Amino acid sequence: MQIQTTKPQQFINITHLVADEVRKSNIKDGIAVVFVPHTTAGVTINENADPDVVCDMLYILDKSFPENDRNYRHFEGNSHAHIKASLMGSSVTVIVKNGRLMLGRWQGIYFCEFDGPRSREFYVKVTEG
Amino acid sequence: MQIQTTKPQQFINITHLVADEVRKSNIKDGIAVVFVPHTTAGVTINENADPDVVCDMLYILDKSFPENDRNYRHFEGNSHAHIKASLMGSSVTVIVKNGRLMLGRWQGIYFCEFDGPRSREFYVKVTEG
Amino acid sequence: MQIQTTKPQQFINITHLVADEVRKSNIKDGIAVVFVPHTTAGVTINENADPDVVCDMLYILDKSFPENDRNYRHFEGNSHAHIKASLMGSSVTVIVKNGRLMLGRWQGIYFCEFDGPRSREFYVKVTEG
């Protein structure tokens with residue numbers, strides 16, 4: 001699926017898009033894997049209610065892993081985005097039951113942009129079992 | 001499965017509970033997914049021998065992502081717990097072979113509480129294949 | 001699969017080894033799980049082009065989670081390696097389509113050594129679906 005990010009660093013709630021893919025798969029029980037094929041973006045699960053939460057998460061990640069550090073060697077100057085992508089991870093796995101994602105009440109699935117804005121994509125694979 | 005945490009921040013070894021679910025599933029070969037439906041708790045795999053290891057892990061996470069930071073905006077004041085949950089992750093995946101979790105000798109599966117004590121839960125899904 | 005690390009901290013690209021296992025499995029569609037059965041090593045997905053990226057990632061992890069901290073209690077003195085292993089994670093999950101790993105163009109799968117050099121291993125499980 002395609003997604004357009006609009007800021008340098010941004011968490012975008014993609015839960016409804018993932019849920020749509022689960023519905024289309026017609027699979028009632030199994031697992032859903034959301035995979036991000038980029039190296040400066042990732043995916044994570046966190047609070048879907050107060051938007052200040054993901055704002056604080058971006059802030060604290062940036063405090064520990066700042067954009068600029070004189071010891072970075074990578075010529076593109078976005079090493080901070082690469083480490084943040086690995087810290088959040090390139091995939092999340094959610095259990096599917098009765099055709100629905102078994103997320104907790106406050107959980108949402110977030111696409112994590114760390115070097116935007118860019119056109120991005122993510123894959124959703126639902127397996128039965 | 002239900003679990004009661006007893007401290008604000010705590011790693012609880014749940015390996016035996018996950019192994020029980022694998023046994024009950026009667027699935028001999030496949031994968032087991034452990035999923036935590038909370039946004040201030042996570043799950044990880046680490047050393048099961050010396051309890052000082054998980055103690056040090058909690059200490060170093062708290063040093064980098066402290067409970068208090070004057071720039072946090074989230075009204076509940078537990079942003080540190082949200083970022084720690086995403087850093088550890090909301091799920092772990094373990095290979096199942098001959099009906100057993102293929103963990104390394106020193107590995108245990110830990111429920112990671114970052115905003116306790118609370119009544120918590122986690123899901124275990126075993127798929128064949 | 002066996003792997004020999006050669007430095008105290010090192011990211012080793014194992015993408016081709018994982019792809020070989022997918023081929024051998026003869027599974028065309030499903031998911032591949034790469035699992036590391038150690039507690040001071042992990043696995044992650046990141047850039048496969050400029051080797052400075054993983055060098056910067058090791059540097060920034062070490063800056064935030066240094067080898068030495070006078071508050072560490074674990075007698076082996078390698079707590080930094082345990083937290084780094086959990087931050088990268090003990091497994092990655094990649095979608096398999098038409099018999100191939102659905103990785104992005106710049107993505108590689110890296111074995112992450114944090115307490116080497118050592119003889120290590122990792123497991124690859126491919127499930128159909």
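The table for this structure:
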read-out: Total accessible surface hidden between C and A, rounded to 100 Å², 1.4 Å probe; value: 2400
read-out: Inter-centroid distance (Cα atoms) of segment B:69-97 relative to segment C:65-129, Å; value: 19
read-out: Selected from B:H38, B:H74, B:H16 as most flexible by GNM, with chain B as the system and alpha-carbon contacts under 10 Å; value: B:H74
read-out: Rg [Å, one decimal], Dmax [Å, integer] - segment C:2-128, C-alpha atoms; value: 15.4, 52
read-out: Accessible surface, per residue, of the protein assembly as shown when the full set of protein chains is kept, probe 1.4 Å, Å²; value: 41
read-out: Other copies of B:E121: label-to-label distances in nm, shortest first, labels 7 Å along the beta-carbon direction; value: 3.7, 3.7
read-out: Cross-link table A:K24/A:K97; A:K125/C:K28; B:K24/C:K28; A:K84/B:K125, entries beyond 18 Å C-alpha to C-alpha; value: B:K24/C:K28; A:K84/B:K125
read-out: Nearest-first distances (nm) between copies at A:D50, label 7 Å from Cα via Cβ; value: 3.8, 3.8
read-out: Length released on extending from B:E121 to B:R73, taking residue separation times 0.36 nm less the Cα-Cα span; value: 14.5 nm
read-out: Carbon plus sulfur fraction of accessible area for segment A:2-128, probe 1.4 Å, in percent; value: 45
read-out: Shortest-first nm distances, B:P66 label point to equivalent points in other copies (7 Å, Cα→Cβ); value: 1.6, 1.6
read-out: Within segment B:87-101, backbone nitrogen closer than 20 Å to the virtual label 7 Å beyond the Cα of B:I3 toward Cβ; value: B:87-96, B:100-101
read-out: Helical mean residue ellipticity (222 nm; -39500 (n - 2.57) per DSSP H run of 4+; nearest 500) of the protein assembly as shown; value: -8000 deg cm²/dmol
read-out: Among B:G99, B:G77, B:G30, residue whose mean-square fluctuation peaks in a GNM of chain B (springs only between Cα atoms under 10 Å); value: B:G77
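The values are calculated or read from the model by the stated rules, or taken from the named source; none is laboratory data. Quick caveat, the model's predicted, so the values are computed rather than measured. All Cβ positions, even for glycine, are placed from backbone atoms using ideal geometry, and neighbour counts span all protein chains on display. We work out accessible area using only protein heavy atoms, side chains counted, and drop any ligands, DNA or RNA first. Shrake-Rupley method; radii C 1.70, N 1.55, O 1.52, S 1.80 Å.
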